[in-house]
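Report on the structure given below.
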Amino acid sequence: MGDRHEIDFFIGLPESEDHRVAELIPFDIVRNENSDNNNLELTDAQKSQRNSAGTLDIQNTKEWRQAEIPSANGQGNAGGLAKLYSLIVPEDNNLKLLKDDTVNQMTTMQIEGRDLVLAVQVRWGVGFILNKHKIIYGPIEGAFGHSGYGGSCAFGDPENKIGVSYVMNRMLDNFNADGRSIELINATYDCL
């Protein structure tokens, strides 16, 4: 699918593409008061994700990037992710990547509540986070996508027929509502 649509995103990065990868830079645990590994409300899964430096020692290896772990190590750039989402909600139906029924399942709330791994309140469609209170993925309630470890996010906006993405290599101890992505998302909507 990625080759056919020229989407610059991989699950299992080919060795030929490894030279394009920027190493991930860990967040500063000392200065971030939200990184309390002793917080009893955090699950073991959440605590394991808070050890950024140790985790990145593994994630910055060629072996990790080449492994096919769909839930944890997609490799790509913001343009590739934005293009993927724009093909899910295209202006031109001839470019549509998925059937309407599939997109409807992705954008219909299945469950809402505190995600035990992500440690945030989330509304889930099938496989995607739904925009809650118009704060995660811009001002459109119908937007859907996924935020990533360290502050990245990508989403589709079916109302405006656009895909938007923010990726970075300087990690934050944050899953959603990263100030860097929010500024870029707001600027995107200011241009529409």
task = Please determine, by comparing only the residues of the stretch 124-168 that are among the basic types (Lys, Arg) and at pLDDT below 95, which one is farthest from Gly179 (Cα to Cα).
result = Lys132
query = Hey, among the residues in the stretch 175-185 that are out of contact with any Ser or Thr (no Cβ under 7 Å at 6 or more places or on another chain) and surrounded by 12 or more Cβ atoms within 10 Å (Cβ to Cβ), which one's modelled with the lowest pLDDT?
reply = Ala177
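Matching residues to (1) in contact with a strand residue (DSSP E or B) (Cβ under 7 Å, 6 or more places away or on another chain); (2) of a type in the set (Lys, Arg); (3) modelled with pLDDT of 75 or more:
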position	(1), (2), (3)
Asp18	no, no, yes
Ile25	yes, no, yes
Asp28	no, no, no
Asp36	no, no, no
Leu40	no, no, no
Asp44	no, no, no
message = Just the residues that are more than 9 Å from Ala82 (Cβ to Cβ) and of a type in the set (A, V, I, L, M), please, taken from the stretch 154-172.
response = Val167, Met168, Met171, Leu172
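Only one of these is more than 19 Å from Tyr189 (Cβ to Cβ) and surrounded by 18 or more Cβ atoms within 10 Å (Cβ to Cβ): Leu95, Leu172. Name it.
Selected residue: Leu172, the only one of Leu95, Leu172 that is more than 19 Å from Tyr189 (Cβ to Cβ) and surrounded by 18 or more Cβ atoms within 10 Å (Cβ to Cβ).
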message = So, in the stretch 62-86, how many residues would count as being surrounded by fewer than 17 Cβ atoms within 10 Å (Cβ to Cβ) and either closer than 19 Å to Gly142 by Cβ or polar (S, T, N, Q) (or both)?
response = 3
message = Restricting to the stretch 61-93, name every residue that is of a type in the set (S, T, N, Q) and in a helix (DSSP H, G or I).
response = Gln66, Ser86, Asn93
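For the stretch 112-192, please list each of the strands (runs of 3 or more DSSP E) lying entirely inside it that holds at least 2 residues being touching a residue at least 24 places away in the same chain (Cβ under 8 Å) and under 27 Å from Arg20 (Cβ atoms). It would help to see each step written out before you state the result.
Working: elements: 121-124, 144-147, 153-157, 162-166.
Strands (runs of 3 or more DSSP E) meeting the threshold: 144-147, 153-157, 162-166.
If you scan the stretch 98-111, which residues turn out to be assigned to a helix (DSSP H, G or I) and either surrounded by 12 or more Cβ atoms within 10 Å (Cβ to Cβ) or aromatic (Phe, Trp, Tyr) (or both)? Show your work before the answer.
Going residue by residue through the stretch 98-111, those that are assigned to a helix (DSSP H, G or I) are 100-107.
Hits for the stretch 98-111 are Thr102, Val103, Asn104, Gln105, Met106, Thr107.
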ask   = Of the residues in the stretch 123-153, how many are over 21 Å from Asn73 (Cα atoms), surrounded by fewer than 22 Cβ atoms within 10 Å (Cβ to Cβ) and hydrophobic (A, V, I, L, M, F, W, C)?
value = 2
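The values are calculated or read from the model by the stated rules, or taken from the named source; none is laboratory data. Please read all numbers here as calculations on a predicted model, not as lab measurements. Note that each Cβ is placed from the backbone with ideal geometry, even for glycine, and that neighbours are counted across all protein chains shown.
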